[in-house]
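Shown next, in structure tokens, is the structure this report addresses.
The values are calculated or read from the model by the stated rules, or taken from the named source; none is laboratory data. For clarity, every value in this text was computed on a predicted model and none was experimentally measured. Here the Cβ is made from the backbone with ideal geometry for all residues, glycine too, and neighbour counts use every protein chain on show. Quick note on the areas: whole protein, heavy atoms, side chains included, nothing else; ligands and nucleic acids left out. Shrake-Rupley method; radii C 1.70, N 1.55, O 1.52, S 1.80 Å.
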Amino acid sequence: MKIHEYQAKEIFARYGVKIPRGKVVRTPQEASRATEELGGQSVLKSQVHAGGRGNAGGVKVVRSPKEAEDAAQQMLGKNLITRQTDAKGVPVNELLVEGLADIAQETYLAITIDSSHRGPVILASAQGGMDIEEVAAANPDDIHTEPVDSTLGLMPFQSRRLAAKLGFSPELARPAAQAIHALYRLFVENDCSLVEINPLIATGDGEIVALDAKITVEDDSLFRHADLYELRDVSQEDKLEAQAADLDISYVSLEGDVGCLVNGAGLAMATLDAAKNAGASAANFLDVGGGATDEKVASAVEIILSDPKVKQVLVNIFGGILRCDIAARGVILAYKNKNSSLPLVVRMLGTNVDEGKAILRDSGLNVTFADTIAEAAQAISAAR
Ligand code: ADP
Ligand code: MG
């Protein structure tokens, strides 16, 4: 789960990481007043769950309260499209009005989980402020990677080494190492999957300040972080993904037009690949899970059918704990509830497969059966 920059910054402050003075506003008048309180100039920052705001007009420097009001009028209530959003963008309902920082140096710092190392890894680069993906592609050596042993925790020599890689002047090595230590503690205590600061700056008068703040909390840990879960902002989430998450269905919206219902994440990945190889492309990843009931299958298929991109549906069920007859009933229920007539390609194998197929055959739906994933992929491709 992602949270907003201002929420992340409040958490940073609690851990002793310096942040600029600022205030969250929801109206142009509030933006004007907040700018006045900050001495007449400020930075207005769109609060959205996406990076790349600076390049997309989502971060604006204003030099007077009136300018703040006008800029806020332009920004609030619109969708912001950045390179990290889809073509629709995400709604801007709040702005963070921040004091203008005196930036002497911009660096990059992030903590994430590295699955190959099986633990947290800290990334540091002196090339902050700009597109870190570009630095990674063009000059990968400019990004220092420090794996952390999660049993030992972050060792002092590691935070010192990271601080050195940020390239601050020697006087700032100690406060930088302290900030890195605090952020690591924050990362662990809040079960984060990402903490990212781009840019982490040195100011003209020698302070280390987090000018941006991203925190992603691991979804599977939210049950023990009620306070963090309260920060959820569904307005920033894909509607169908949010609906699926509430039903405990793994669903990711994609760009294609073939809706996919699969049980098992590995099978779902293989299904997407097969569709792609056959020249089609999936509208979603969906793993309905093992112990699904026909109602849960129906909810999953309804999510698929609610996606206007979807032109046909591919069902790929390996009937084990989820029996084929249950899957078949669920699919039919969803088609009935959504009053849909989209073509359906079904590949089913395993427990109660004959019964499942018979139920679908008798349903009156426009079904094509396939025996293998490859055949199923050919069938969806042929139907396009
Ligand atoms: P994003 O990463 O989404 O583009 P940032 O918060 O990093 O958004 O802001 C983009 C750029 O705007 C920063 O790299 C920095 O140069 C500038 N900026 C952001 N906040 C401030 C601030 N309070 N004072 C001065 N400049 C800022
Ligand atoms: Mg940034």
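More than 33 Å apart: what percent of Cα pairs in the chain qualify? Could you put the intermediate results ahead of the total?
Numbers: 32632 of 73536 pairs.
Result for the distance tail: 44 percent.
For the chain, what does the relative contact order come out to in percent, with C-alpha contacts under 8 Å and a separation of six or more?
That works out to 12 percent.
Helix 28-37: angle to the longest alpha-carbon principal axis of the chain, degrees 0 to 90, nearest 10?
Result, in degrees: 30.
Solvent-accessible area per residue for the chain at a 1.4 Å probe radius, Å²?
Numbers: 18140 Å² over 384 residues.
That works out to 47 Å² per residue.
On C-alpha positions alone, give me the angle between the axis of helix 373-382 and the longest principal axis of the chain, in degrees, nearest 10.
90
To check my understanding: the extent here is largest minus smallest coordinate of the Cα atoms along each principal axis. What are those three numbers for segment 21-100, in Å, largest first?
Its Cα atoms span 36, 20, 16 Å along the three principal axes.
What is the sum of charges around L240, taking Lys and Arg as +1, Asp and Glu as -1, for the other residues whose C-beta is under 14 Å from the C-beta of L240?
Net of charged neighbours comes to -4.
With a cut-off of 20 Å, note down the residues of segment 180-201 whose backbone N falls inside the zone around a label point 7 Å from the Cα of R14 toward its beta carbon.
180-197
So for segment 238-382, averaging the separation of alpha carbon pairs under 8 Å that are six or more residues apart and normalising by length, what relative contact order in percent results?
Normalised by residue count, the contact order of segment 238-382 is 24 percent.
What's the ranking of 146-158, 95-107 by average number of surrounding C-beta atoms within 10 Å, highest first? Could the numbers behind the result be given before it?
Values: 146-158: 13.8, 95-107: 19.5.
Sorting 146-158, 95-107 by mean packing, highest first, produces 95-107, 146-158.
Once each part is reduced to its C-alpha centroid, what is the distance from segment 237-268 to segment 317-373 in angstrom?
18
Taking the Cα-to-Cβ direction at D362 and at A137 and moving 7 Å from each Cα, how far apart do the two end points lie in nm?
Those two pseudo-labels are separated by 5.6 nm.
For the chain, give me the percentage of DSSP beta bridges that are antiparallel, rounded to the nearest 5 percent.
Details: 46 of 64 bridges.
That works out to approximately 70 percent antiparallel.
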